[in-house]
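Right, one structure below, let's go through it.
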Amino acid sequence: MAAINLKNDLTNMFYEDAKDMLKQMSLKIVEESKKFDPTNTYPIGVVMSQIPIPGSKVKKGRRIYVIVSKGEPTMEMADLVGKSERNAIIMLQNAGMIIKSVRYEHSDRIKSGAIAYQSIPPGTEIKPNTEIELIVSLGPFPDKFIVPDLIGRNLKDAQTLIVQSGLTLGEVSFQIADDLLPQTVISQSIAPQTVVSQGDTINLLVSKLPNSPGENN
């Protein structure tokens, strides 16, 4: 019986297409197993590998064994509510997820520093690189709101502190300051330790380099 040259590479072909092609060559396909593809190279239903390998000489009617992709592996979304912000972030990073945003809000139900909300419900089937949004509890609303000292902090940290203190960020102005790193708070419109009402607006003056684009004097 004449040998058949298995010149065709079945990898990256959908299983049914590979089956039809081998049938025309008087060969049989056998699905040896299905496996997840952590590299996300092979879509669901695509051949990942074959035995014998391409270029082999095989007899008519020979079985060709293939492994078929089950796609990218999935996992169940963990329940993060009540866990500390640090532990939740570590869990998400280990799972290969992307933290799209973290907001801070007061909560009478969740203790300060713990996750109060997650945008993906627990138990949801997810894949790596899925984006998630979190809300971290600031604890119960305080009886009074005290303005934090923002001078010398970078703008991003200052914005976080403003939200955590129950205030609202108002106007951000920029001033050239060669002796400071860019985006450093130079002054604030309400003095530190001032008692204010929830939601009061605080304005900031922030440093910039000469001719920095997108920043007004």
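The values are calculated or read from the model by the stated rules, or taken from the named source; none is laboratory data. Bear in mind the structure is a predicted one, so any value in this text is a computation, not a measurement. Neighbour counts run over all protein chains shown; Cβ positions are idealised from the backbone, glycine included.
Numbers for the structure displayed
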{"read-out": "Qualifying residue in the range 122-135 (condition: over 30 Å from L10 (Cβ atoms), touching a residue at least 12 places away in the same chain (Cβ under 8 Å), charged (D, E, K, R) and surrounded by fewer than 13 Cβ atoms within 10 Å (Cβ to Cβ))", "value": "yes"}
{"read-out": "Residues of the range 1-19 classified as surrounded by fewer than 12 Cβ atoms within 10 Å (Cβ to Cβ) and within 21 Å of K70 (Cα to Cα), total", "value": "1"}
{"read-out": "Strands (runs of 3 or more DSSP E) lying entirely in the range 1-53 (those with 2 or more residues that are among the small types (G, A, S))", "value": "none"}
{"read-out": "Complete set of residues in the range 170-213 that are surrounded by 15 or more Cβ atoms within 10 Å (Cβ to Cβ) and either among the charged types (D, E, K, R) or on the phi > 0 side of the Ramachandran plot (or both)", "value": "Q183, D200, K208"}
{"read-out": "Those residues of the range 23-45 which are within 15 Å of I67 (Cβ to Cβ) and not charged (D, E, K, R), in sequence order", "value": "I29, V30, S33, F36, P38, T39, T41, Y42, P43, I44, G45"}
{"read-out": "Output for the range 64-85, where each listed residue is surrounded by fewer than 14 Cβ atoms within 10 Å (Cβ to Cβ) and modelled with pLDDT of 95 or more", "value": "D79, G82"}
{"read-out": "Flag if G166 is on the phi > 0 side of the Ramachandran plot, surrounded by fewer than 15 Cβ atoms within 10 Å (Cβ to Cβ) and assigned to a loop (DSSP other than H, G, I, E, B)", "value": "no"}
{"read-out": "Qualifying strands (runs of 3 or more DSSP E) (wholly inside the range 56-163; at least 1 residues being in contact with a helix residue (DSSP H, G or I) (Cβ under 8 Å, 6 or more places away or on another chain))", "value": "63-69, 98-105, 115-118, 131-137"}
{"read-out": "Filtered residues of the range 35-56 (kept if within 22 Å of E72 (Cα to Cα) and either surrounded by 15 or more Cβ atoms within 10 Å (Cβ to Cβ) or among the hydrophobic types (A, V, I, L, M, F, W, C) (or both))", "value": "K35, F36, D37, Y42, I44, G45, V46, V47, M48, S49, Q50"}
{"read-out": "Residue within the range 90-111 that is assigned by TED's automatic domain parsing to the domain that holds M13, under 26 Å from the mean Cα position of the chain (by Cα), over 30 Å from D200 (Cα atoms) and among the polar types (S, T, N, Q) present", "value": "no"}
{"read-out": "Set A116, A95, A88: member being at pLDDT 95 or above and within 25 Å of P73 (Cβ to Cβ)", "value": "A88"}
